[in-house]
Amino acid sequence: MPSKSLFSEPFDDGTLFKLKIFKDYFKEWLPVFISSTKPIWKTVQIFDLFAGMGKDSNGILGSPLIILEELNKWKLTIQTNGINVKVILNEYEKKYYETLQNI
C-alpha cells in the first residue's frame, strides 16, 4: 500500500504542533553553539534525516526550511564568530529530494 504524501496536502494539526516544537527548540538551541565570540565549536553540524520536500501544499515550512530560516537570522553572528555550519539534509523519496533542491 503506498504511503500518504505529507506534502501534497496541508500539514495536519499533529504535524504543525511537532514543527512548532521543533522550531522553538531549534531557536533556543542554536545560539548556544554560535553566539560566543570565542566559540568552543568551530564547526556545527545539523542533521535532518527525514527532510521531505521542505513545505506543505499551503507553503507552511517543514523542518529543513525552518533550519535554514533560523540560520539566516544568525548569519552575521555565524560569520563574525568564524563558525562553520554544515546542514545535512537526507530524503529517501527522489521526488521530494529534487523538490527540496530547487527551493
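None of the figures in this text is laboratory data; all of them are computed from the coordinates on show. Just so it is clear, the structure is predicted and the values come from calculations on it, not from any experiment. Reconstructed Cβ throughout: ideal geometry from the backbone, glycine too, with neighbour counts over all protein chains shown.
Could you go through the range 36-45 and let me know if any residue there is buried (at least 17 other Cβ atoms within 10 Å of the Cβ) and out of contact with any Ser or Thr (no Cβ under 7 Å at 6 or more places or on another chain).
yes
Within the range 84-103, how many residues turn out to be in a helix (DSSP H, G or I) and either in contact with a strand residue (DSSP E or B) (Cβ under 6 Å, 6 or more places away or on another chain) or exposed (fewer than 11 other Cβ atoms within 10 Å of the Cβ) (or both)?
Final tally of qualifying residues: 1.
Within the range 52-65, restricting attention to residues that are closer than 13 Å to PHE22 by Cα and buried (at least 22 other Cβ atoms within 10 Å of the Cβ), which residue is nearest to the chain's Cα centre (by Cα)?
Applying the filter and picking the extreme gives PRO64.
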